[in-house]
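The block underneath contains the structure these notes are about, expressed in structure tokens.
The values are calculated or read from the model by the stated rules, or taken from the named source; none is laboratory data. Predicted model only: the values in this text are computed from it and were never measured. Here Cβ is always computed from backbone atoms with ideal geometry, including for glycine, and neighbour counts include all displayed protein chains.
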Amino acid sequence: MSIEPPADAAAPQRNPKAPPPGERTTSHYEGCRGCGDVPGSLRVRSWVGDDGVSVISRFDVLEEHQGAPGLLHGGMLMTALDDALGTAYTQVTRSAVTARLETDFRRPVPVGSTLWLRSRVDALVGRKIYVSGEAHLGELDGEVAGTARALFLEVGVEHFLRHGRPEDLEALGASREVIEAARTAR
Ligand SMILES: CCCCCCCCCC(=O)SCCNC(=O)CCNC(=O)[C@H](O)C(C)(C)COP(=O)(O)OP(=O)(O)OC[C@H]1O[C@@H](n2cnc3c(N)ncnc32)[C@H](O)[C@@H]1OP(=O)(O)O
């Protein structure tokens with residue numbers, strides 16, 4: 001299935017409720033292993049870019065992120081990119097999930113380095129959000145270590161109520177009745 005946006009796709013419009021340029025974005029979910037402040041998280045941190053639509057993210061590559069000796073695991077880079085691209089779409093719309101994520105690994109990334117990611121929404125077509133980004137080594141205009149393109153699909157809160165674990169949803173404040181109703185509406 002293609003993730004090439006159609007040529008006549010609408011340009012992304014900034015959500016007026018999104019944080020302004022330069023401001024740190026909040027984690028979409030505190031339990032997220034991409035950007036949440038929890039054990040096992042990559043602790044990706046993001047800020048809104050100067051244009052108010054793109055996002056800049058930082059990922060410090062540590063020992064526990066290794067794949068080959070002294071080098072970042074490719075899946076960890078994909079997680080960081082998924083998170084950064086997923087944060088970029090929150091500048092435009094509020095709730096979507098990754099349907100497809102394509103990644104090119106261009107350079108090995110040493111443990112101890114910092115990756116700076118730039119991500120943006122390229123186009124919106126109905127529920128489809130086309131996003132892309134790059135990971136730069138050491139600084140924002142550093143060597144490109146990886147690139148990604150993704151298709152996110154907008155979903156309503158029922159997606160999470162229907163598929164998430166009840167105990168996690170209850171901890172977020174959802175009642176048993178609401179969770180049950182979303183599940184039986186399947
Ligand atoms: C609260 C905020 C959360 C922010 C998170 C950000 C960071 C983390 C991001 C993630 O990691 S999310 C977790 C990983 N992703 C998932 O768990 C999603 C699992 N997949 C699904 O739940 C469903 O497949 C999905 C909701 C994505 C789509 O199911 P739907 O039934 O809603 O849509 P459908 O399959 O009918 O497809 C709708 C359109 O998208 C197209 N499409 C769907 N999947 C595609 C794909 N993989 N590639 C290309 N096109 C795709 C599909 O062809 C169709 O095109 P058309 O409308 O033109 O016919």
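A few points about this structure:
- Residue match in the stretch 25-33 (condition: farther than 25 Å from His159 by Cβ and crowded, with 16+ Cβ neighbours inside 10 Å): no
- Against the list (1) in the same structural domain as Ala96 (by TED's automatic domain parsing); (2) polar (S, T, N, Q); (3) modelled with pLDDT under 95, the condition Ser41 fails is (3).
- From the list Val121, Val97, Val92, the lone residue that is touching a residue at least 40 places away in the same chain (Cβ under 8 Å), of a type in the set (A, V, I, L, M) and in a loop (DSSP other than H, G, I, E, B) is Val92.
- Taken over the stretch 1-20, the criterion of being of a type outside the set (A, V, I, L, M, F, W, C), surrounded by 15 or more Cβ atoms within 10 Å (Cβ to Cβ) and more than 19 Å from Ala150 (Cα to Cα) is satisfied by Asn15, Pro19.
- Only one entry of Glu180, Glu102, Glu158 meets the criterion of being acidic (Asp, Glu) and under 22 Å from Ser41 (Cα atoms), and that entry is Glu102.
- Hey, Glu134 free of Cβ contacts under 8 Å to residues at least 24 places away in the same chain and under 17 Å from the mean Cα position of the chain (by Cα) or not: yes
- Residue tally, condition under 18 Å from the mean Cα position of the chain (by Cα) and either outside any strand (DSSP E or B) or away from the ligand (no atom under 13 Å from the Cβ) (or both), over the stretch 141-186: 8
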